[in-house]
Amino acid sequence: MLEDALKNAFGINCRLEQIKMSGLPLYMTSERAFYNAVMGEVSFMIVTISDKEKFGAVALKKQLVQYIEKSSLNVAYYFDSLTRVQRDALISKEIPFVSLPDQIYMPFLGVMLSNSFKKKMTVATDKMMPATQCLFLYLLYHSDNDSFIKMWAAEDLGLTKTSITRASEQLKRMGLIREERSGKEIRMIPLFKGYELFETAKDHLINPIQKVLHAEITTDKEFFIAGETMLSRYSMLAAPGENTYAIYKGSEIVSVLKDMDTRWQDNTKASRIELWKYDPGLFALNGEVDPVSLAMSLSDNADERVEGELQSFLEEYRW
C-alpha cells in the first residue's frame, strides 16, 4: 500500500524492504517498524510511528538525528494519521514524514500536502488508578534499587494492603514489573529503568488533576509549584500571569479555599490551584512537583510551545 501510494504520488517505482535496527534506545525501536526505501536513484529509510505514541516534534527531531547517523540515510517518519497541528509542527521542524493518502513531506524527494485530514480512531488504553500511578512513580524515582519489598512500598506511600495489591497487579498486567516471593516477603522487580520505564508506561499514565480552581493562598504549606509556572523555571517558556500550585484534593486546606472567577474579580493575588488525585508531596523536590506528574498534568495542553519545552525538559532530566 505504501509502495503504491509513493509511486502514485511521484510517478516513480518504489521498493520497500523491512529491516531491523539495533544499538539504539529501546523506546526508539521496540514499537516501531523500519523500512529501506528505494525510489529511482534515491534511497532512504522509513520509520513507522504508532498512533498510540504521544509523540512530540521536538523529541522526533532529536531521534531523527540518531536514525540518520545510524543508517547513513535520509529518514522519514510514517504516520497512520496526522492532525493539522501535528503536520504543521513537523514541517516547522523540517522533519520528513509520510501520512497517507496525501500528506507527504520529504524535501530530499518531494512534497505533496493537502488540507484534508482523516479523523483519528481512538483506542481505549488501560489507564493507571491513582494508587497505581503512585506506586509506579515510587519505582521510577528509586531506580537505584533492583527490587522493592511490597509491604515497605505500601508503608512509604500510605497505601493499604488491598490498594498496593491492586496497584501491583495492574503494573504486572501492563508488563512493567514482575513479582517474586521470598519467604513471607513479596518483591516487585521493574522490567525497565529510568527514561525507558517512563516511555514504556506513558500511554497508561493519567493526568493527576482532579479539578482546578483559582484562589488566594496565604501559606505554602502542602502546596507545590506546578504547571506552566514550574516548566517556565526550566525552559524558555514565559511564566504565566498567575502562579500554579498543586495540592492533594483530600487536604484539609482545600476546604477553606475560596474559588474565584478571575474573569469577574480583579484580584492579582489569585493563583491557579490544581487539586490532585494523589498527594504531589510524595514525590516533590524543592517545593516542586515531580517531572512525570508535571508532564501528565500538561498532557491536555494544546499549546505547541508548552509541548516542545516539556519534551525537552523530560529529555534533559537526569533519570
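The values are calculated or read from the model by the stated rules, or taken from the named source; none is laboratory data. In this text the structure is predicted, and so the values were computed from the model without any measurement. Note: ideal-geometry Cβ built from the backbone for every residue, glycine included; neighbour counts use all protein chains shown.
Picking from residues in region 199-218 that are touching a residue at least 24 places away in the same chain (Cβ under 8 Å) and of a type in the set (S, T, N, Q), the one that is nearest to Leu298 (Cα to Cα) is Asn207. On inspection, Asn36 does not qualify as exposed (fewer than 13 other Cβ atoms within 10 Å of the Cβ) and in contact with a strand residue (DSSP E or B) (Cβ under 8 Å, 6 or more places away or on another chain). Is it the case that Ala131 is in contact with a Lys or Arg (Cβ under 8 Å, 6 or more places away or on another chain) and either closer than 29 Å to Pro291 by Cβ or assigned by TED's automatic domain parsing to the domain that holds Gly281 (or both)? Yes, satisfied.
Of all the residues in region 230-253, those that are small (Gly, Ala, Ser) and under 22 Å from the mean Cα position of the chain (by Cα) number 5.
Identify, from the list Met39, Met45, the residue that is at pLDDT 95 or above and touching a Phe, Trp or Tyr at 6+ places or on another chain (Cβ under 8 Å). Talk me through it step by step, then tell me what you get.
Numbers: Met39 fails: at pLDDT 95 or above.
Within the list Met39, Met45, the selection yields Met45.
Looking only at region 38-59, residues that are of a type in the set (A, V, I, L, M) and over 25 Å from Phe10 (Cα atoms) come to 3 in all. Among the numbered conditions (1) more than 23 Å from Lys193 (Cβ to Cβ); (2) out of contact with any Pro (no Cβ under 7 Å at 6 or more places or on another chain); (3) of a type outside the set (Gly, Ala, Ser), the only one that Trp276 does not meet is (2).
Applying the set (1) under 20 Å from Glu309 (Cα atoms); (2) in contact (Cβ under 8 Å) with a residue 40 or more places away in the chain; (3) touching a Leu at 6+ places or on another chain (Cβ under 8 Å); (4) not small (Gly, Ala, Ser) to Arg87 leaves exactly one unmet item: (2).
Among the numbered conditions (1) touching a strand residue (DSSP E or B) at 6+ places or on another chain (Cβ under 8 Å); (2) outside any helix (DSSP H, G or I); (3) surrounded by fewer than 20 Cβ atoms within 10 Å (Cβ to Cβ), the only one that Glu31 does not meet is (1).
Only one of the numbered conditions (1) surrounded by fewer than 19 Cβ atoms within 10 Å (Cβ to Cβ); (2) more than 24 Å from the chain's Cα centre (by Cα); (3) at pLDDT below 90 is violated by Ala124, and that is (2). From the list Phe192, Phe108, Phe198, the lone residue that is out of contact with any Lys or Arg (no Cβ under 8 Å at 6 or more places or on another chain), within 29 Å of Val47 (Cα to Cα) and in a helix (DSSP H, G or I) is Phe198.
Taking the criterion of being of a type in the set (S, T, N, Q) and closer than 13 Å to Glu315 by Cβ, the residues of region 53-83 that qualify are Gln63, Gln66.
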